[in-house]
Amino acid sequence: MSAGLLRNSFKGAASAAPFFPTLLDQMPNAIVVFEAENQQLVYVNPAAESALDLSRKSLEGQSVFDLFGDNNALNSMISEVKQGHVLAQRQEMVLHSLPGSIHQDSIPAHVVIAALEDPALIMMEWFPIDQQLRSERDERVTQQVEANKQLMRNLAHEIKNPLGGIRGAAQLLEFELPEKGLREYTQVIIKESDRLQTLVDRLLAPHRKAHVIESFNVHEALERVRSLVLAEFPKGLRIIRNYDTSLPDIMGDREQLIQATLNIVHNAAQALSEEISRGVAQIELKTRVARSVTIAKHRYKLAMDLHVIDNGPGIPEEIIERIFFPLVSGREGGSGLGLTLAQTFVQQHQGFIACDSRPGRTDFHIQIPYRRQEKTS
């Protein structure tokens, strides 16, 4: 197979593309094929486009060096395969990008370099080494969250009945008190009972409301979230749109997904109070299409990727592993329910939500699979 035929895949000539690239298009791992002599790319599969967050068109004419810099370990692997010492080599490494290069991320990955039938071509395959760890973590977190939700539901029901009795008794006592000044104390009981009732209702709310499925544009939903948050924080905060406008409409409960995203963006805005006061606060709403994803052991061809990224102080290390648990909050006066509800709503759409946080950058990642209407109704 010649480099010329493979290069047709860059130009979108599907009819000219041979069987080999067509087969690689279906592979879940990122794969590129490049010329052995100058490392110039001649083929990129959809999974690699997604991993690099770049299109085939923007990758045309680039080389492996342009993507990952002068990586000694990678160069050594390529050299060994190029010289025919081995047919394939595999190694775990961090794929760094050059400063100012077209690809801006660093990827801890398991990398495979392999020879092809045509000695002028070499194939590179990689997948994040945290992929399996993430799958195991997601399963563990799902089990923990489900146990916590069940506990909170049971606890809420147990609280609800005596709470109504306490409030009723306080009202009756208030009518019987001889001095009006003493009613201040019964009012404290009534108000605190009402506050606890509101908390209980919020714990039970996601499980009471019917799941309404419809087709909608996720960017229209994000624009609503953006306008709501900017109305509350009109000065000192920028909310940046980084949308992939080619995203198809998604099937889901529009209001639930708006609420889930609003909870995350609102939390981020509250955490940015110092940055807002200095006029440097920003939140980025980033959407992309993810291909060949696995969520809770189920494989999906396409999924919606949504990132909410802020430049705030980050989430304290002591609570980062528990931020989706009920009543856990890193903010004084917070109820600790916003992220719990967001996770519940996302999971009801067979999706997942995760968080990566360090000082100066917190990234909430939501991924929801595209499913057929008949499967979601």
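The values are calculated or read from the model by the stated rules, or taken from the named source; none is laboratory data. These figures come from a predicted structure and were not determined experimentally. So basically every Cβ, Gly included, is an ideal-geometry build from the backbone, and we count neighbours across all protein chains shown.
Can you tell me which of (1) under 24 Å from the mean Cα position of the chain (by Cα); (2) modelled with pLDDT under 65; (3) over 17 Å from ILE31 (Cα atoms) is the one HIS103 doesn't meet?
The number of the failed condition is (3).
Given the conditions (1) modelled with pLDDT under 75; (2) at positive phi, and given that GLY61 satisfies all but one, which numbered condition is not satisfied?
Unmet condition: (1).
Select from region 293-326 the residues that are surrounded by fewer than 18 Cβ atoms within 10 Å (Cβ to Cβ) and small (Gly, Ala, Ser) and write down the one among them that is nearest to ALA30 (Cα to Cα).
So the residue we want is ALA296.
Identify, please: which residue in region 275-322 is part of a helix (DSSP H, G or I) and at pLDDT below 90 and is, among those, farthest from ASN45 (Cα to Cα)?
ARG322
Taking region 192-223, which residues are among the charged types (D, E, K, R), modelled with pLDDT of 85 or more and not in a strand (DSSP E or B)?
GLU220, GLU223
Against the definition (in contact with a Gly (Cβ under 9 Å, 6 or more places away or on another chain) and modelled with pLDDT of 90 or more), how does ILE264 come out, yes or no?
yes
So PRO234 fits all but one of (1) assigned to a helix (DSSP H, G or I); (2) modelled with pLDDT of 85 or more; (3) surrounded by fewer than 18 Cβ atoms within 10 Å (Cβ to Cβ); what number is the exception?
Just one mismatch for PRO234, condition (1).
When the residues of region 241-274 are filtered to those that are in a loop (DSSP other than H, G, I, E, B), over 16 Å from the mean Cα position of the chain (by Cα) and of a type in the set (Asp, Glu), which remaining residue is farthest from SER215 (Cα to Cα)?
Checked region 241-274; the qualifying residue farthest from SER215 (Cα to Cα) is ASP253.
Within region 48-78, track down each residue that is under 16 Å from ALA114 (Cβ atoms) and within 24 Å of the chain's Cα centre (by Cα).
Scanning region 48-78 gives a single hit, ALA48.
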